C-alpha cells in the first residue's frame, strides 16, 4: 500500500466519498458539521486553527486511492503547540477512516504529525474505547516513541430499544410510567398543553425551535449552577447553522413541551443510522415539580422506537436518572494525550501527570471543599 498526505482539505466531495464507507453512526461527521464547528468556535480564538489532514491510500484493488480524513485543530497554550481532534460534543469525536485501509492511513497521519508539525501534545477524545481507530492510533505513535497518557472520561449510558412503544413502556418501572401519565394529565388541566416534534424543518422553523430551547435552558438549573454546562443556551449560532443544511436538518430531532404557548421543556437529539445520540434535555425550573423533563424525554424515546432506532446513547453522567429509562453502562470514554519524544515533550508530560495526580488527590478534594 502507498499513501499521500494533504493538509487543509476543503473538498466536500472528499468528505462525501469517505462518509459512504464509514460506519453509519459516524456519518454525522460531515464536512458541514466540521465547517460549522470551526466557524462557530475555532474562529473565535485567534490562536486556534482548524486543519484537516487527508491520507489517500492506494491499493492494488483501487489504484486511484481511498481517502481518509483526520479533522483537527491546532492551538498554542503557554508557547506549547497542541494538536487536538476536532469536535464539539463528546460522542462526535473520531477520525473518518475507511475500514480496510485504516491502519495504513493512521500510520501516515502519525508520520505527518511526528515529522511535519511542531505539536508537543496531540490530544484525542473523549473517544469511545471501542472506536476502531483507538488501538491503531496508539500503536502508531508508540512506534515513534510518543508517551501516551490515557484518562477515563466515564462510561456512556446506553438504552437498547425494543420493537414497539408498548414493549418500551413495559420495560420502565411502574412508578415512572404512572408519574409520567399523572403529570401529563395534570398539565393538560392547567391550560393549552402541547408537545411538538421537529425534524427536517426550514431554516426559519429551526431558528424558532433553537430559540425556544435556549429560552428553556436559560431558566433551567444549568444556567444558574456554577458547575452547569449549557448545551443550547449560548450556543444558538452553532445549532442554527448546523440545522440550516440538509444533512443537519434531517439528523436533528427536537421535542418542545409548551404550556399556554410558553416553552417549558425540550429534548434534543441527533440521529445516525439506527443510533440516536441524546444530546441535551432541560426544563424550566418553575415547572420542576410537574416532571416536564420526563415528559419531553418520554416523547424522544417513543419516537425513537417508532422510527426504528435500536439504541439511544445518553452520554455520561447523571447515571441514576438515565437508569430510570433502562440505560446500562456502555463504552468507556477515553481522553488520550500523546507527548512528543524528547526533553520538551518529557517535561510537559511529567507536568501533566503531576497535575492530574494532584487534581485527584484527597488533599485537593479537601481544599476544594474548604474554599
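The values are calculated or read from the model by the stated rules, or taken from the named source; none is laboratory data. All of these numbers come straight from a predicted model, not from anything done at the bench. We place every Cβ from the backbone using ideal geometry, glycine too, and count neighbours over all the protein chains shown.
Tabulated data
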quantity	calculated
Lone qualifier among 288, 309, 262 - being over 22 Å from residue 28 (Cα atoms) and either touching a strand residue (DSSP E or B) at 6+ places or on another chain (Cβ under 8 Å) or modelled with pLDDT of 95 or more (or both)	262
Flag if residue 96 is within 27 Å of residue 280 (Cβ to Cβ) and assigned by TED's automatic domain parsing to the domain that holds residue 40	yes
Residue check, residue 136 farther than 14 Å from residue 93 by Cα and not assigned by TED's automatic domain parsing to the domain that holds residue 303	yes
Test: residue in region 157-167 that is in contact with a strand residue (DSSP E or B) (Cβ under 9 Å, 6 or more places away or on another chain) and at pLDDT below 95	yes
Any hit, region 84-91, residues being part of a strand (DSSP E or B), in contact (Cβ under 8 Å) with a residue 24 or more places away in the chain and closer than 20 Å to residue 153 by Cα	yes
Candidate set: region 217-252, residues that are farther than 24 Å from residue 87 by Cα and in contact with a helix residue (DSSP H, G or I) (Cβ under 9 Å, 6 or more places away or on another chain); chosen: the one surrounded by the most Cβ atoms within 10 Å (Cβ to Cβ)	220
Verdict on residue 96 being in contact (Cβ under 8 Å) with a residue 24 or more places away in the chain, within 21 Å of residue 351 (Cα to Cα), within 20 Å of the chain's Cα centre (by Cα) and surrounded by 17 or more Cβ atoms within 10 Å (Cβ to Cβ)	no
Selection count where residues are at pLDDT 95 or above and within 23 Å of residue 351 (Cα to Cα), scope region 124-142	3
Residue ID - nearest to residue 275 (Cα to Cα), chosen from residues in region 30-49 that are in contact with a helix residue (DSSP H, G or I) (Cβ under 6 Å, 6 or more places away or on another chain) and modelled with pLDDT of 85 or more	30
